[in-house]
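Chemist: What follows is a structure written as structure tokens; I'll ask about it next.
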Amino acid sequence: MVKRGDFSLTQMFFLLVFITFCCVSSLSDNISKLSSKYKIISEEEIGEKDKGILEIESLDADSIQGKQMRYLPARVVVETNDGKKVDASGRGLYSDGRFYIEGKFSLLLSPGNTKISIHSGPNFIPLEIVVPVKEGKKLHIIAQIVRWYSPEEKGWFCGDNHLHTRHDPSGEINVDEVYTALQARAEGLDYITESDGQWGFEEKLSRNDFLFRAANEVHTGIFTGHANTPGIEKPIPWGEIEKINKSVLPFQKLCDIVHSLGGAVIYTHTSPIPRLHWMGATESLSDAILGKCADAFDISNRVEELVWFAMLNLGNKVAVSGSTDAVLLRQNTIPPGARRVYAKSGKLDYKAIVEAIRNGKTFATNGGPLFPFFSIDGKEVGEEITPKRGKKFECRLEIHHLYPLKNVEIIRNGKIFVDLMKSEIKPQSSPFSTIYRWNIEEAQNAWYVARVEDAKGNWAITSAIYFREPNYRPSKASLICMEIGNFNRMVELRKDFFLHIIATSSQGNLKRVVVLREGKILKEFLPKEGNRMPSGVVPVTQPNGEFQEGWLWYPSPANPKHFQADYPVLEGGWYQIRLETTNGKVINSEKIFYDADNPNSQQISLLYFESKDMELVLRGYGEEMPLNDIRIPFEGDHWWFPINEKWEAVGVFEGMRYEYKSR
């Protein structure tokens, strides 16, 4: 007998079905709400023949519900029925067809279906629609753009510390600082650091939700890289720039100056590293071996991640960062924030953001809707934990993502420690967030980062959490960089070729550096012979002037930890560098082949880095114009920018091998 208040099995079944239906319906409603939409407000007659008008307003969907409508700045692409992309900004179209609006635009178009894409940064769900443009009609549309997540609510603010408004004398796009600020806001950036050093726009272009700042991009020299310097409040005096350029390791001098001005130093132009391009941040590994690095390292690809991992493995605390070097006058430049850094500053305050970067409280992304928050035992990125044998450390990774996840990797000391999506660890999931919790044991010095990628190719990588014993001592390492090329210190093409050598070691002092050609000693460099600098110019790295034979031991021939040399190359063949240290370490680089019969300008490069349980090899090749076309004195476009190039990178971290190469 069923008593009053009891349920039969049939009743319980239908109750469960009803509850499940309600939950699914509620979930579907939530997902449905989190999608941007559009509404046709009106369709009016106009006097135009063979034409129609499209008028669109881009609004924050939340503001519509609150009846205090807020226009959203947006990146827009409009493609007509015949495949033509058109401009409504009056500034010109970028190569992908984009232009930027301050919340609304109007276009006179030929009749036909028109495709419109509206994007307002990774916090908002993009909108793509196709609407009919009708002859003699004006179509008024409201685009309701939905905010799906806000990392700012967690105290994380994003910026691009490297972009240019006035890099070139002129360009295809009519850009000024006002349009630069609009683009940044439309890409969802909370702040930018404009790299042309044009101070004076901070108050005019900043808002309560956006900061416009300026800082020098410092050209430290060739084969050293350039530097972003967010946080400085005035230009670095030219006299100090000259001192930096004359330094053997200019980034180390730059850090002292920038820190005194309240700023941070970020290695940038890191992407040419695989072929030791003259702009590439090659010095970063020498700095890492010697234990004095910049505050952060810009990452845009997997090879740069390997270089950053190597720096961390030597005990350096270097934050991850990202920036674009977008030159906004150029039609084919990438958008601001297409690579960006998020910093946990707690508030939109520039000084606090710069301090967070210096403290390693960052993650970097390629601009997509992907936000990872990583902690171990409550310690967040940039912080230290004391390792302890037998103790369980609780890890937590909270990921907010608009699209399905593809990879979720935890990396320890450069090696993939666990791919959480392939593990037995079950996450707590909802439509746009995934939370992983698991335990680890760690009794050694180590660092951990999280790397996440979604199904659309968006990626994010966090700075490190460090396990450090009180008596921690970093690993020792050695580096050999060699490059053969035909250009001078201003990177103007020349007909003469030089071999450029950079060697650094913490595995004892440098005892001997040898150049071998076809397996035989071509040149032997010994510290006891001292430095040779005929013109007083630092070999390899100091800008301005012509190369000539010379070399230098640093900090001195009596205590040589680092070596730089320029040596003329007169014959073709296989070249190799041998490095010997006072601790008995002998390192032979791979060989590179210089083809003396090649009629073109060419650059052949090799970087070899080794330490305990770690090895990194970067090989590069590039060609430029024929040697016979080079005119001296310098005429026309005779700069070294290769038109035919290739590279390979191999990294080995605790037995895990990574291989990447150019296509």
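Chemist: Divide by every residue of the chain the summed helix terms, -39500 (n - 2.57) for each DSSP H run of at least 4, and state the resulting mean residue ellipticity at 222 nm, rounded to the nearest 500 deg cm²/dmol.
Modeler: -4000 deg cm²/dmol
Chemist: Rank Met482, Ser429, Trp459 by how far each Cα sits towards the positive end of the charge dipole of the range 372-490 (+1 on Lys, Arg Cβ; -1 on Asp, Glu Cβ) and give me just the farthest.
Modeler: The residue sitting most towards the positive pole is Met482.
Chemist: What residue among Val449, Thr324, Tyr149 has its Cα farthest toward the positive end of the dipole of the chain, where the charges are +1 on Lys, Arg and -1 on Asp, Glu, each on the Cβ?
Modeler: The residue sitting most towards the positive pole is Val449.
Chemist: Can you quote the Å³ per residue value for the convex hull of the Cα atoms in the range 369-474, rounded to an integer?
Modeler: Output value, Cα hull per residue: 96 Å³.
Chemist: Taking amide H atoms as placed 1.01 Å from N in the peptide plane, list the residues 5 or more away in sequence, or in a different chain, whose amide H sits under 5 Å from that of Trp447.
Modeler: Counting only residues 5 or more places away or on other chains, the set is Asn413, Phe467.
Chemist: Something else about it: Using 0.36 nm per residue of separation minus the Cα-Cα distance, give me the extension gain between Asp349 and Met69 in nm, one decimal.
Modeler: 98.2 nm
Chemist: If r is the Cβ-Cβ distance from Thr582 to Glu424 and R0 is 45 Å, what FRET efficiency results, to the nearest 0.05?
Modeler: The value I calculate is 0.35.
Chemist: Right, another one. Taking only Cα atoms, what is the 0 to 90° angle, nearest 10, from helix 9-33's long axis to the longest principal axis of the chain?
Modeler: Roughly 60 degrees between the two axes.
Chemist: Between Lys456 and Gln331, 0.36 nm times their residue separation minus their Cα-Cα distance comes to what?
Modeler: 42.5 nm
Chemist: Mind checking the dipole of the chain: about its Cα centre, +1 per Lys or Arg Cβ, -1 per Asp or Glu Cβ, Debye to the nearest 20?
Modeler: Using only the charged Cβ atoms, the result is roughly 1920 debye.
Chemist: Kirkwood hydrodynamic radius, the range 204-257, all distinct C-alpha pairs: what's the number in Å?
Modeler: It works out to 12.4 Å.
Chemist: Highest mean first, what order results for 455-465, 345-355, 183-193 on Cβ atoms within 10 Å?
Modeler: Result, highest mean first: 183-193, 455-465, 345-355.
Chemist: A follow-up question, please. Run the count for the range 150-367, please: Lys pairs, Cα-Cα under 15 angstrom, 8 or more apart or on different chains.
Modeler: Pairs that pass both the separation and distance tests number 11.
Chemist: With just the Cα atoms defining each centre, how far is the range 359-382 from the range 563-588? Give it in Å.
Modeler: Measuring centre to centre over Cα atoms gives 41 Å.
Chemist: What are the lysines whose alpha-carbon lies under 17 Å from the alpha-carbon of Lys612, with same-chain residues fewer than 8 places away excluded?
Modeler: Within reach: Lys415, Lys476, Lys585.
Chemist: Hey, got the dipole for the range 126-191? About the Cα centre, +1 on K and R Cβ, -1 on D and E Cβ, debye to the nearest 20?
Modeler: The calculation lands at about 440 debye.
Chemist: Please say if the chain is rounded, prolate or oblate, where rounded means a/c under 1.5 for a ≥ b ≥ c the square roots of the C-alpha gyration tensor eigenvalues, and otherwise the choice is prolate for a/b larger than b/c and oblate otherwise?
Modeler: Verdict is oblate for the chain.
Chemist: Cα-based Rg of the range 37-145 per 2.2 N^0.38 Å, rounded to two decimals?
Modeler: The reported ratio for this selection is 1.03.
Chemist: What relative contact order, as a whole-number percentage, does the chain give when Cα pairs under 8 Å and 6 or more residues apart are counted?
Modeler: Relative contact order for the chain comes out at 10 percent.
Chemist: Related question: Ordered by residue, what ³J(HN,Hα) values in Hz, to whole numbers, does the range 345-351 give under the Karplus form 6.51 cos²θ - 1.76 cosθ + 1.60, where θ = phi - 60° and Gly and Pro are x?
Modeler: Calculated HN-Hα couplings, in order: 9, x, 7, 7, 9, 4, 4 Hz.
Chemist: Fully extended, how many nm does the chain gain between Glu469 and Met533 (0.36 nm per residue separation, minus their Cα-Cα distance)?
Modeler: My answer for the length gained is 18.7 nm.
Chemist: Could you tell me the distance between the Cα centroids of the range 149-218 and the range 282-329, to the nearest Å?
Modeler: For the range 149-218 versus the range 282-329, the Cα centre distance is 22 Å.
Chemist: What whole-number volume per residue, in cubic angstrom, does the convex hull of the C-alpha atoms of the range 233-343 give?
Modeler: Looking at the range 233-343, the number lands at 133 Å³ per residue.
Chemist: State the Kirkwood hydrodynamic radius of the range 477-661 in Å, one decimal place, computed from all pairs of distinct Cα atoms.
Modeler: After inverting the pairwise mean of 1/r, the radius is 17.3 Å.
Chemist: Would you mind ranking Ser58, Ser300 by Cβ crowding within 10 Å, fewest neighbours first?
Modeler: Lowest count first: Ser300, Ser58.
Chemist: Over the range 37-145, what is the mean sequence separation of C-alpha contacts under 8 Å (at least six apart), divided by residue count, expressed as relative contact order in percent?
Modeler: Result for the range 37-145 is 44 percent.
Chemist: Still on this structure, please answer the following. Could you calculate, for the range 150-367, the ratio of the Cα radius of gyration to the Kirkwood radius, expressed as Rg to Rh?
Modeler: 0.94
Bear in mind that the values in this text are calculations on the coordinates, not laboratory data. Everything numeric here is computed off the predicted structure, so don't read it as measured data. Glycine also receives a Cβ, built like all others from the backbone with ideal geometry; neighbour counts cover every protein chain displayed.
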